[in-house]
Amino acid sequence: MTAYLKLDHIDKVFTRGAATTEVLKDINLTIEKGEYVSIIGHSGCGKSTLLNIIAGLTGATTGGVLLENREVNSPGPDRAVVFQNHSLLPWLTVYENVKLGVDKVFARTKTRAERDAWVMHNLNLVQMAHARDKRPSEISGGMKQRVGIARALAMEPKVLLLDEPFGALDALTRAHLQDSVMALHQKLGNTILMITHDVDEAVLLSDRIVMMTNGPSARIGEVLEVPLARPRKRLDLATNSTYLKCRHRVLEFLYERHRFVEAA
Amino acid sequence: MNMPATKIEVETATPAAIAAAPVVAMTLKRPPRAETYARIARETAVRVIPPLVVIALLTLVWELVCRRAGSALPPPSKVFKDTKELIFDPFFDHGGIDKGLFWHLSASLQRVALGYSLSAIAGIALGVLVGQSVWAMRGLDPLFQVLRTIPPLAWLPLSLAAFRDGQPSAIFVIFITSIWPIIINTAVGIRNIPQDYRNVAAVVQLNPLEFFGKIMIPAAAPYIFTGLRIGIGLSWLAIIAAEMLIGGVGIGFFIWDAWNSSHISEIILALFYVGIVGFVLDRLIAGVGKIVTRGTAQN
C-alpha cells in the first residue's frame with residue numbers, strides 16, 4: 001500500500017495587501033491507485049482551492065503534492081480536470097475539443113490515425129460519438145459534461161480530478177451521469193478525486209469520503225471509508241444499512257458538528 | 001387494488017401519444033412550395049418596402065424644395081441630368097484626374113486596403129501585448145487614450161513633413177486613425193478571456209504559440225471584430241478628408257475638384273457613392289466577423 005497521490009502538509013494563505021486569509025491548514029491525505037475519493041464540505045471551505053492546488057493551477061503556500069513520489073507543482077495532463085462548468089471551447093466541435101488534449105499528450109507516441117481513433121474511443125466511452133461534429137452550444141448541459149469527461153479521460157491521466165462535475169446539472173441528468181462515471185471507474189480503474197457538496201453523491205460514488213471543516217483554516221475533519229461492494233446499484237442502496245449509516249455519518253458531520261453558521 | 005388499473009391507463013396512453021406524434025410531424029413537413037415562396041417574398045417585402053417608401057418621399061420633398069428658380073442646391077432631377085455621363089460610364093479615362101468614378105473609388109479603396117491592413121495587423125499585435133501584459137498596459141494605455149482623440153486630419157501635415165509625398169501620407173492617416181479601436185478592443189477581448197479557458201490550456205500544456213492561436217485569438221475574436229468594424233468605418237471617413245487635401249485620383253479629391261468647378265450635382269452623386277461604399281465595407285467586415293466568430297459569440 002504505497003501512496004499514489006500524496007498531499008503533504010498543505011497550507012494555503014491568500015494575501016491581498018496587508019490582509020491575509022488562511023484558507024487551508026495542514027492538509028494531509030494519501031490516495032491509492034484506483035481509489036475513488038470524494039472531498040466534501042460546505043461552500044467556501046476551500047475544497048476547490050485544494051483541487052486547484054492538486055491540479056497545479058494554484059500553488060500551495062507550504063507543503064506539496066506528490067504523484068508517484070514525485071512533486072508536481074504545475075498543471076499537466078497527468079492530473080486532468082473535469083471543470084464544474086464543463087469549460088469546453090465554444091468555437092471547437094465536440095471532436096476538436098477532445099482532440100486538443102490528445103494531440104498534445106500523444107504528439108510523439110501516436111500517429112494521426114491512432115489519435116483520431118483514440119478521440120473517438122473516448123467519445124464512445126461517454127456515449128457522445130454521435131455528436132462529434134456538434135459545437136458545445138448545440139448540445140445539452142449533461143452532454144457537455146460528458147464531453148468534458150471524455151476530454152479528461154483521453155489524456156490518460158494518472159489522477160482524474162472532478163471539480164463538482166455534476167453541480168450544474170438537473171437531478172435526473174446528474175443521476176444518469178453519476179452512473180456513467182461509476183461504470184467508467186469500474187471499467188478503467190482510474191484514480192479519481194472528486195469535489196462535491198452532495199452527500200448522496202459522495203456516498204454512492206466513493207471508496208473514501210474526506211470531510212472538511214469550515215474555513216478559514218479549513219482542515220480535514222474526518223475521513224470515512226465506504227465499505228460498499230462494487231458495482232453499486234442506486235436502487236439497492238436506498239435501503240442498504242451500510243449506505244444509510246455512511247450517509248448519516250456524513251450528514252452528522254456537516255450539519256451537527258460543523259454547521260455552516262454563515263448560511264444559517 | 002388500484003395499482004394495476006393505473007398501470008393499464010399509462011400503457012394505453014403512451015401508444016396513443018406516439019401515434020399522434022408523426023401525424024403532427026407529417027403536416028409540418030410538407031407546406032406547399034408556392035407557400036414557402038410567398039412567405040419569403042412577404043418577408044423580403046417587409047424589409048425592402050419601408051425604406052423604399054421613405055427614400056421616395058424624401059426625394060419628392062427634395063425635388064419640391066429645390067426645383068424653385070434660384071435655389072442653391074440642385075433637385076434630384078437636375079442631379080440625374082447633370083451626372084448621367086458619370087453614372088452610366090464609370091470606366092472612362094481621359095488621363096490625369098479626369099477619370100470615371102470607378103477609378104476614383106478604386107484608388108481610394110486601394111489606399112484604405114493598404115492602410116487598414118497595416119493597422120489591423122499592428123493593432124491586433126499591440127492589443128494582444130496590452131491585453132496580456134499588465135506592464136505594457138500601464139505603460140501604453142494612457143498614451144493610446146490621448147493619441148486616439150487626435151482627429152485624423154491633424155496627422156496629415158506631420159505625415160506630409162515626414163514622408164514628403166501624398167500617397168504614403170494618406171495611407172499613414174488611415175493607419176493612425178483606424179488603429180486605436182482595434183488596439184483597445186483587442187486588449188479588452190484578451191483581458192476578458194475566461195479563466196476556465198486558461199485553465200484548460202494549462203492542463204493540456206499548450207505552449208505560448210499554441211495558446212495564442214488556439215485559445216487567445218478565437219476567444220477574443222468577437223471583440224477584435226468589433227474593433228475592426230469601427231476601424232474600417234473610421235478609415236473610410238479619414239480617406240475622404242485626406243484625399244481632399246492631398247489631391248490626385250481618389251473620390252475625396254473628386255469631391256473637392258467638383259466643388260472648385262461648382263459641379264454641385266457631381267458632389268451629390270459622389271456622396272451617394274461614398275455612403276454606399278462605406279456601408280458595403282462595414283457589412284463586409286461584419287460578415288467576415290460573423291463567419292469567423294461562429295460558435296464563440298453564442299456563449
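The values are calculated or read from the model by the stated rules, or taken from the named source; none is laboratory data. Keep in mind it's a predicted model, so treat the numbers as computed, not measured. Here Cβ is always computed from backbone atoms with ideal geometry, including for glycine, and neighbour counts include all displayed protein chains. Accessible surface areas use protein heavy atoms only, side chains included; no ligands, DNA or RNA. Shrake-Rupley method; radii C 1.70, N 1.55, O 1.52, S 1.80 Å.
Here are the numbers for the structure shown:
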read-out	value
Where N is the number of residues in segment A:101-148, Cα Rg divided by 2.2 N^0.38 Å	1.22
Buried solvent-accessible surface, both chains (B, A), 1.4 Å probe, Å² to nearest 100	1900
Counted charge near A:ALA131, where neighbours are those whose Cβ lies closer than 15 Å (Asp, Glu -1; Lys, Arg +1)	+4
Average silhouette area of segment A:127-264, convex hull of alpha-carbon atoms, in square nanometres	10.1
Kirkwood-Stokes translational diffusion coefficient of segment A:71-110, alpha-carbon pairs, 20 °C, 1.002 mPa s, µm²/s	182
For segment A:82-107, residues shielded by at least 30 square angstrom of accessible area compared with the chain on its own, probe 1.4 Å	A:PHE83, A:SER87, A:LEU89, A:PRO90, A:TRP91, A:LEU100, A:LYS104
Length-normalised contact order for segment A:189-238 - Cα pairs under 8 Å, 6+ apart - percent	27
Cα-Cα pairs of segment A:84-207 separated by more than 26 Å (percent)	17
Equivalent-ellipsoid semi-axes of segment A:1-160, from the Cα gyration tensor, Å, largest first	32, 19, 14
Percent accessible area from carbon and sulfur atoms, chain B, protein chains only, probe 1.4 Å	70
At R0 = 41 Å, FRET efficiency that the Cβ-Cβ distance of B:SER77 and B:ARG39 yields, to 0.05	0.60
Nitroxide proxy distance, nm - points 7 Å out along Cα→Cβ at B:LEU153 and A:ARG112	5.7
Scattering profile of segment B:226-299 at q = 0.11, 0.14, 0.27 Å⁻¹ [log10 I(q)/I(0), Debye over alpha-carbon scatterers]	-0.38, -0.54, -1.17
Surface/4 of the Cα convex hull for segment B:181-291, nm²	8.7
Relative contact order [Cα under 8 Å, 6+ residues apart], chain A, whole percent	25
Accessible area (Å², per residue) of the protein assembly as shown, counting only protein heavy atoms and a probe of 1.4 Å	53
Scattering profile of the protein assembly as shown at q = 0.06, 0.07 Å⁻¹ [log10 I(q)/I(0), Debye over alpha-carbon scatterers]	-0.52, -0.66
Relative contact order %, chain B, counting alpha carbon pairs below 8 Å whose residues are six or more apart	19
Considering only the protein assembly as shown, percent of DSSP beta bridges that pair antiparallel, nearest 5	60
Beta bridges per DSSP with both ends in segment A:65-195, % antiparallel, nearest 5	30
Alpha carbon convex hull of segment A:1-79, projected area averaged over orientations, nm²	5.7
Note, ³J(HN,Hα) from phi for segment A:17-28, Karplus 6.51, -1.76, 1.60, rounded to Hz, x at Gly and Pro	x, 8, 7, 10, 10, 8, 8, 10, 10, 6, 8, 10
Over segment B:40-159 - Rg/Rh using Cα atoms and the Kirkwood inverse-distance radius	1.17
Exercise: per-residue mean of other protein chain Cβ atoms within 10 Å, B:192-200	4
Longest site-free stretch - chain B; sites: trypsin sites (Lys or Arg not before Pro), DSSP loop, at most 10 other Cβ within 10 Å	B:165-299
Stokes-Einstein diffusion coefficient of chain B, Kirkwood radius over Cα pairs, 37 °C, 0.692 mPa s, in µm²/s	136
Residues with amide H under 5 Å from that of A:MET194, placed H, sequence gap 5 or more	A:VAL37, A:SER38, A:ILE39, A:LEU162
Accessible area of chain A belonging to carbon and sulfur atoms, whole % at 1.4 Å probe	49
Chain A: antiparallel DSSP beta bridges as a percent of all, rounded to 5	55
Between segment B:84-159 and segment A:158-218, the alpha-carbon center distance in angstrom	56
Descending semi-axes in Å of segment A:65-140, equivalent ellipsoid built from Cα gyration tensor	25, 17, 11
Spacing of the two label points (7 Å from each Cα toward its C-beta) at A:HIS130 and A:GLU256, in nm	4.7
Centroid-to-centroid separation of segment A:92-142 and segment A:13-35 [C-alpha atoms, Å]	34
